[in-house]
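See structure below.
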Amino acid sequence: MVGAIDHFRGEHEYLSNFYLRPVVYEGVAYPSTEHAFQAAKTRDAERRWAIATLPTCREAKRAGRAVRLRPEWEQIKYRAMADVLIDKFTRWSDLREKLLTTDNAELIEGNRWHDNVWGDCRCPRCRGTPGKNALGQILMQVRQGLMDGTYRPIPLPTRVCLKREAYDVFCGRVDWCPAGWTGPGADGRWGNYRGSVGAFRRWFEREVDVNRDYRVALEVLRGRRLGCFCDPGKPCHADTYVEWFESGAGVEAAAVNEGDVLARMAARLGGGV
């Protein structure tokens, strides 16, 4: 591909920070790069969590404008943007392939909302004032890093027996609070060992179907070794996580955009947004 992609809409919407696809920044999962970038502006953990749970990118952007900026923000903001974009395109194989198919095309975040720092505004007022296009520049750097192997895809999670191997995340029946990876069966209410594995699977399948925040939070498990006391080859509820990622269900659950979310909100409210 030659020439330029000068707007991040339509078939190129995946390049926008308003494209809803979970990313992980400093150990917290966010619904989009916009959420993650806005949360990065503050050191306040409670503010970060609050931004992570906002349903739309517009709300995340509004919340980010209201936080007290960390003192070094102006020095690190471009690095923060690069970090969330690297995560986005190393985490999601479909988005990575789309970015790579742009080949050597110039990526320009063309807009009409007077953003000449991250993009290049094309409104009459800004005509003749070239934008810095920092977002487009970083995206092209990420693309080059993917091409030359500097940035490698994040692998799927694996389950290991913590009695034999090192692990990253404990997923035993004793609850891994506060994230609660074992679900409500962690206290033994689901009965015997095999029964609890099956009950957890049924709970998990319902939860990922209806709880967007839970689906987003699961992304912190991607690329991690999930440690449990279960011996290899024996049923283990940690397998439920691994199989969910292997099936690609995570991509399907995350493959929504801002318009889809607003449409659902309108349907629930019985009117337009």
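We did not get these values from a lab; they are worked out from the coordinates using the rules stated. As the structure is a computational prediction, the values presented were derived from the model and not from experiment. Neighbour counts are summed over all protein chains in view; Cβ atoms, including those assigned to glycine, are modelled from backbone coordinates with ideal geometry.
General remarks:
- 12 Å beta-carbon shell around ASP239, net charge (K/R +1, D/E -1): +1
- Across LYS77/LYS98; LYS163/LYS234; LYS98/LYS132; LYS41/LYS61, pairs whose alpha-carbon gap is larger than 19 Å: LYS77/LYS98; LYS98/LYS132
- Trypsin sites (Lys or Arg not before Pro) restricted to DSSP loop in the stretch 1-82 with at most 15 other C-beta within 10 Å: ARG9, ARG43, ARG68
- Distance from the stretch 197-229 to the stretch 76-154 (C-alpha centre basis), Å: 31 Å
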